[in-house]
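Q: First the structure, which I've put down as structure tokens, then a few questions once you've had a look.
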Amino acid sequence: MARPSPLLPTAIVAVLFLLTPQALAGDPDLLQDICVADLTSAVKVNGFACKATVTEDDFYFKGLAAPGNTNNTYGSVVTGANVEKVPGLNTLGVSMSRIDYAPGGLNPPHTHPRATEMVFVLQGTLDVGFITTGNKLVAKTITAGDVFVFPRGLVHFQKNNGDAPAAVISAFNSQLPGTQSLVMTLFAATPEVPNNVLTKAFQVGTKEVEKIKSRLAPKKS
């Protein structure tokens with residue numbers, strides 16, 4: 001059984017900056033002590049409706065201690081600890097996740113439309129970066145114990161160019177930051193983004209677009 005990284009308790013410090021009043025601006029302010037999410041409610045609100053019966057388990061999650069399975073196309077996996085996993089986070093404006101990377105693994109370019117992200121490196125070395133709206137790449141190599149911030153809404157990525165696994169703990173100033181992968185958004189949307197939009201945007205032919213779409217299509221069982 002994999003042992004939790006000794007840096008994991010320290011990683012909790014990364015979430016503290018998100019608990020300031022300024023950071024809570026990512027989500028609306030709460031109007032009561034707690035509002036544990038009723039994930040089964042049919043009521044649609046900005047967030048989740050509050051459930052009547054609350055237990056300690058609504059505020060508990062142990063899924064970040066062990067490494068996730070990185071045996072996939074990108075060689076990375078995200079384990080979220082957001083309101084969908086921890087209902088007690090509803091209205092509190094904060095969440096976390098763990099990201100594991102195999103050697104050579106990539107967390108491909110994506111955005112979080114509702115939150116700034118702050119990562120704390122548990123182990124390994126990563127090449128990370130984000131792109132501003134002025135099309136400037138801000139990039140750095142980070143290693144165990146380092147922290148890096150990805151501003152809200154900006155495209156960013158992490159790549160493990162080492163020969164050993166890597167892992168980070170991410171903190172967000174939103175209970176549900178949302179993730180929009182650029183590749184999946186453009187080439188695997190339902191209904192599909194028209195080919196003539198993609199060929200014009202990327203200055204490639206229809207065959208190239210169709211090839212990318214076919215690689216991203218869900219595998220038939």
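Q: Based on the Cβ-Cβ distance of ALA65 and ILE131, what FRET efficiency does E = 1/(1 + (r/R0)^6) give at R0 = 35 Å, to the nearest 0.05?
A: 0.60
Q: For the chain, with a Gaussian network of springs between Cα atoms less than 10 Å apart, report the residue from VAL43, VAL155, VAL121 with the top mean-square fluctuation.
A: With Cα springs under 10 Å in the chain, the top fluctuation among VAL43, VAL155, VAL121 is at VAL43.
Q: Could you size up the charge dipole of the range 56-183 around its Cα centre, putting +1 on the beta carbon of Lys and Arg and -1 on that of Asp and Glu, and report it in debye to the nearest 20?
A: 360 debye
Q: Okay, moving on. Straight-line reach from LYS140: which lysines have a Cα under 16 Å away, not including same-chain ones fewer than 8 places off?
A: LYS159
Q: Tell me the carbon and sulfur percent of the accessible area for the chain, rounded to whole percent, probe radius 1.4 Å.
A: 59 percent
Q: Another question, if that's okay. For ALA81, enumerate residues with amide H under 5 Å from its amide H, sequence gap 5+ or separate chain, H modeled in the peptide plane.
A: Close amide H contacts, sequence-distant or interchain: MET96, SER97, ARG98.
Q: Please calculate how many Å² of accessible area the chain carries per residue, with a 1.4 Å probe and no DNA, RNA or ligand atoms counted.
A: On a per-residue basis, the chain sits at 58 Å².
Q: Net charge near VAL204: determine it from the other residues with C-beta under 11 Å of the C-beta of VAL204, scoring Lys and Arg +1 and Asp and Glu -1.
A: Computed value for this residue: +1.
Q: LYS62 accessible area, nearest 10 Å², 1.4 Å probe?
A: Accessible area, nearest 10 Å²: 150 Å².
Q: For the range 39-55, take each phi angle, set θ = phi - 60°, evaluate the Karplus expression 6.51 cos²θ - 1.76 cosθ + 1.60, and give the result in whole Hz per residue in order, putting x for glycine and proline.
A: Calculated HN-Hα couplings, in order: 6, 9, 5, 7, 6, 9, 9, 7, x, 9, 5, 7, 8, 6, 9, 10, 10 Hz.
Q: Additional query: Under the classification rounded if a/c is under 1.5, otherwise prolate if a/b is larger than b/c and oblate if not, where does the range 56-183 fall, given a ≥ b ≥ c as square roots of the Cα gyration tensor eigenvalues?
A: It is oblate, given that a/c is not under 1.5 and a/b is not larger than b/c.
Q: Could I ask something else about it? Just tell me which lysines come within less than 20 Å, Cα to Cα, of LYS62; anything on the same chain fewer than 8 places away is out.
A: Within the straight-line cut-off, LYS62 pairs with LYS85.
Q: Over the heavy atoms of PHE202, what accessible area does a 1.4 Å probe trace out, to the nearest 10 Å²?
A: Looks like 100 Å² after rounding.
The values are calculated or read from the model by the stated rules, or taken from the named source; none is laboratory data. This structure is a prediction, so every number in the text was calculated from the model and none was measured. With ideal geometry, Cβ positions are generated from the backbone for all residues, glycine too; neighbour counts draw on all protein chains shown. The area values use the complete protein model at the heavy-atom level, side chains included, leaving out ligands, DNA and RNA. Shrake-Rupley method; radii C 1.70, N 1.55, O 1.52, S 1.80 Å.
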